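*Asks:* Just dropping this structure here.
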Amino acid sequence: MQNFKKSCVYQIYPKSFMDTDGDGIGDLRGIIEKLDYLKKLGVDYLWLTPFFVSPQNDNGYDIEDYCRIDPLFGTMEDLDRLILEAKDRDMRLMLDMVFNHTSTRHEWFQRALAGEKKYQDYYFFQDGTAGSPPTNWQSKFGGNAWEYVKELGKYYLHLYDVTQADLNWENKNVREEIKNVLRFWKEKGIRGFRFDVINLVSKPTVFEDDEEGDGRRFYTDGPRIHEFLREIVEDTGLDAEDVVTVGEMSSTTIDHCIHYTNPREKQLKMCFNFHHLKVDYKDGDKWSLMPYDFGRLKKIFHTWQEGIAGGNGWNAVFWCNHDQPRAVSRFGDDGVHRKQSAKMLATVIHGMRGTPFIYQGEEIGMTNAYFKDISQYRDVESLHYFDILKEQGKKEEDIYRILKERSRDNARTPMQWDGEENGGFTSGTPWLSVNKNCREINVKESLADSDSIFTYYQKLVELRKQYEVISDGSYEPVFVDNQGIMSYKRALNEEKLLVFANFTGQEQMVKQKENLDDWEILLSNYKYVTINGDRVTLEPFGAVMLYRKG
Ligand code: GLC
């Protein structure tokens, strides 16, 4: 059995991972084909974003049937084989459970539209007249969060796309349906579950306008969220030791995350939060650019690491996923220092307290897409915002600059397996263009290079398994006298670990409290690290992990 504190999770975006049938869309067989590669990296869990039947408006996060596989990705037999083949290599699957909403094509919603009261109660339908929605809440993808259905004379709530209708968790029948879905996948042998935007599922019983914001304060970590989670988890046995659960928490707090993950609470094993990934949002707005605020980034990491540890909670730690631009382009340097900065960023995350997640392509240093035209974008959010920003009167060239940095498609370009046509991802036309830099940045090249980003990730994954101080140690921020450096200390009994990371393209000398002459270098992204008493010299984007016992 895998101990989740020593484990590492690898996220696969099936649509962009590996295509075996030439339709330009990745599939389950493609994942099977690449299992040896993933085994080589050393990861323990494979989180697969949704591959269930879906109209694919939000790339599978709009589910039409929770228990069937979308033919785009393959068949149930393919999945059974994938489960077995992964298990043979000592890896487990983690499925993505999207229970805040269903696709409007889901049978429940269709029956609600047909007038069945039972199914209208599965969602939030509110009487109303066209043009005056029940509240002023905003959808996360832009526009009002309520959609009017003329035939019914009612609005329904959708916090995301208009084709993603929010489920009413207050209704016990809905919770029972959800439990049955979980039981179905558990019986298939699935022991990992990721819960999509799960902290948004408890809505208030009275809907009112939000005069201060977009409505989120009424439903984020909502009134009955902890009770709901405990009920779902206990009734389906997800609190068992051999099951790993992770909740995606939007705009959450440390206190809530402790509550979600402290083992005493019997809710989830770990949480994602996103505060560290908003440090380049000007005034909190994703669609306004600014250089990232390093001071804030560091402070958020330190506060969350200490806070969660203090309450015996547990977090997932990560830079990248299918919703985030590539970290190396965002916090590193995807030009001259691409390799070093990718390794530096990896060191920061993999030395932390929490379970590290690697997003496909991160382990070879894949970069943002840098698309030039709206016709290249596919993501529903990007397409909406292209129109919204235009309506706001922004110039097209400015909108392109924003999308180039912020679009979720940056993360979704196909995996770069080799330097051939389409990066070896497909023999057909890819659903989203492959990054041109696949000629230089690809798996084949990485595996041939003993000093690659891949090799570095391999070591980090392995170190967590070897050193208890990494998986179980305490966390203490180290306040170095240098502005461009992030540093922290981990400790467990006699073991100590120190991490230094230089987020700048200049050499930096760090002075701190301890004499480090007798510390061992566990890992560094440069061949030589100069340590002199209490001083460490870090090369551009240099990082080092130091260790001492006793
Ligand atoms: C989560 C997913 C994202 C999706 C949204 C709505 O944030 O990660 O991709 O669009 O939920 O389901």
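The values are calculated or read from the model by the stated rules, or taken from the named source; none is laboratory data. No experiment lies behind these values; they were computed from the predicted model shown. As a convention, Cβ positions derive from the backbone with ideal geometry for all residues, glycine included, and neighbour counts pool all protein chains shown. When the accessible area is computed, the model is the full protein with side chains, heavy atoms only, and any ligands, DNA or RNA have been set aside. Shrake-Rupley method; radii C 1.70, N 1.55, O 1.52, S 1.80 Å.
*Asks:* Dipole size in debye (nearest 20) for segment 14-119 around its Cα centre, Lys and Arg Cβ +1, Asp and Glu Cβ -1?
*Replies:* Once rounded to the nearest 20, the dipole reads 340 debye.
*Asks:* How many Å² of accessible area per residue for segment 1-125, probe 1.4 Å?
*Replies:* Heavy-atom accessible area per residue stands at 34 Å².
*Asks:* DSSP loop (so not H, G, I, E, B), at most 13 other Cβ within 10 Å: list which trypsin sites (Lys or Arg not before Pro) in segment 370-453 pass both filters.
*Replies:* LYS372, LYS395
*Asks:* For segment 280-343, which whole-number percentage of the solvent-accessible area (1.4 Å probe, protein heavy atoms only) is attributable to carbon and sulfur atoms?
*Replies:* Percent of accessible area from carbon and sulfur atoms in segment 280-343: 49.
*Asks:* Name the GluC sites (Glu not before Pro) in segment 137-181 that are in a loop by DSSP and that have at most 14 other C-beta atoms within 10 Å, would you?
*Replies:* Answer in residue order: GLU151.
*Asks:* May I pose another question? Can you pull the percent of segment 156-249's accessible area that's carbon plus sulfur, 1.4 Å probe, other chains left in place?
*Replies:* For segment 156-249, the apolar C and S fraction of the accessible surface comes to 43 percent.
*Asks:* Out of GLN392, ILE402, PHE357, whose Cα points farthest toward the positive end of the dipole of segment 314-422 (charges: +1 Lys, Arg; -1 Asp, Glu; placed on Cβ)?
*Replies:* PHE357
*Asks:* Which is farthest toward the positive dipole end of the chain among PHE193, ILE521, PHE503, measuring Cα position about the Cα centre, with Cβ charges +1 (Lys, Arg) and -1 (Asp, Glu)?
*Replies:* ILE521
*Asks:* Sticking with this one: Can you give the accessible area per residue of segment 396-550, in Å², using a 1.4 Å probe?
*Replies:* Per-residue accessible area for segment 396-550 comes out at 45 Å².
*Asks:* Measuring with a 1.4 Å probe in the full set of protein chains, what accessible area per residue, in whole Å², belongs to segment 157-214?
*Replies:* Result: 35 Å² per residue.
*Asks:* Computing the accessible area with a 1.4 Å probe over protein heavy atoms, can you report the carbon and sulfur percentage for segment 404-550?
*Replies:* Of all accessible area on segment 404-550, carbon and sulfur atoms account for 44 percent.
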